Structure formats: structure tokens, C-alpha cells
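Have a look at the structure below before the remarks.
The values are calculated or read from the model by the stated rules, or taken from the named source; none is laboratory data. Here the structure is a predicted model, which means the values were calculated and not measured. All Cβ positions, glycine included, derive from the backbone under ideal geometry; neighbour counts span all protein chains shown. Surface areas here come from the heavy atoms of the whole protein model, side chains and all, with no ligands, DNA or RNA. Shrake-Rupley method; radii C 1.70, N 1.55, O 1.52, S 1.80 Å.
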Amino acid sequence: MAKPVFVLNGPNLNRLGVREPEIYGRDTLADIEALCREAASDRPVDFRQTNHQGQLVDWVQEAADAAAGIVINPAAYSFTSLALLDSLKMFPGPIIEVHISNIHRREEIYHHSYVSLAATGVIAGLGAEGYRLAMKAMLSLLAEVE
Ligand code: CA2
């Protein structure tokens, strides 16, 4: 049985589809989970969301043993968390960072992601579709190494 792809989501993403649709679109996190599972086809997906930084670190550490790859939208922790960066640096497989909005078109505080220093690739500004593309890219990357 193939190892799963962990899809990890950071703070406030549980509120997607409820507020600020002009920035984040109308898809809910449940909709995004469904499209990730569809894009993954036979590959198992472990889809999670937390509002807590330490929980994300714990899940990345868990992924080091249990997951083939990580797709992560760290939300605000992208721009603040050296703890998350350190944990991702220890992950041996591919990491794809996803942002629903184009962080580079937003205020300057959103322009520098620490997580990007550990990411294999970054997708931003394509809405929920970014997760589908991230899953497709992840499957290609895993096909190269497995
Ligand atoms: O665009 C993204 O995916 C972000 O990672 C989302 C983060 C933001 O801090 C990043 O700059 C970009 C914020 C998520 C907030 O989610 C909300 C959902 C519904 C309503 C309001 C906020």
C-alpha cells in the first residue's frame, strides 16, 4: 500500500467559504478536501487542518515516518514560523506549499514565506485549483522517486 500524501492546512482555513470570498473564493475546506482526494486517484490522502502552530509541527514530524509527500498551506504561519520551517527541513520527501491567494499581490507582510525555504515548489493565486495542481505535481514527483 502506497504511503499517503499529507495535506496540512493552517490557521483560519476552516473558515474558508464563509468570509472574504473576494480573496479566498467560495470553496469550503470540505470542497478542497474532496478535490484533493479526486486528484490523488489511488494515492491515499490524509487531509488535516489546525489553528495551532505546534500541532502543525507535530504533524510534519509524523509525516517524516508516515507520508510520501506533504502539500501544505501553512496560512499565517508561513510568514512567522521558524519552528515549522525547521520541522519541514527534516522531511525527506517532496513538499509543495499552496496559497489560495496570490501572496505577492497582497500587503508586504505576506511576501516572505519561511516555508518556501523548505518547499520543493510553491503555488499561489490560483484559488482552490492550486490544491488540485499541487496534488498532480506531487504524484509526478513521487513517480520519479518510487
Ligand atoms: O491564500 C492563502 O491560502 C493564505 O495562506 C491564507 C492565509 C493568509 O494568511 C496567507 O497570506 C495566504 C489566511 C487564511 C485565512 O482564511 C480565511 C478564511 C475565510 C475567511 C477569512 C480568512
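Quick one: in the stretch 1-30, which of the residues that are part of a loop (DSSP other than H, G, I, E, B), away from the ligand (no atom under 14 Å from the Cβ) and among the hydrophobic types (A, V, I, L, M, F, W, C) is most open to solvent (accessible area, probe 1.4 Å)?
Met1
Out of Glu97, Glu33, I need the residue that is touching a strand residue (DSSP E or B) at 6+ places or on another chain (Cβ under 7 Å), part of a strand (DSSP E or B) and within 16 Å of the ligand (Cβ to nearest atom). Which one?
Glu97
Tally time: how many residues in the stretch 60-82 are open to solvent by 50 Å² or more (accessible area, probe 1.4 Å) and among the aliphatic types (A, V, I, L, M)?
2
(1) open to solvent by less than 60 Å² (accessible area, probe 1.4 Å); (2) within 15 Å of the ligand (Cβ to nearest atom): which one isn't true of Val57, the others all being true?
(2)
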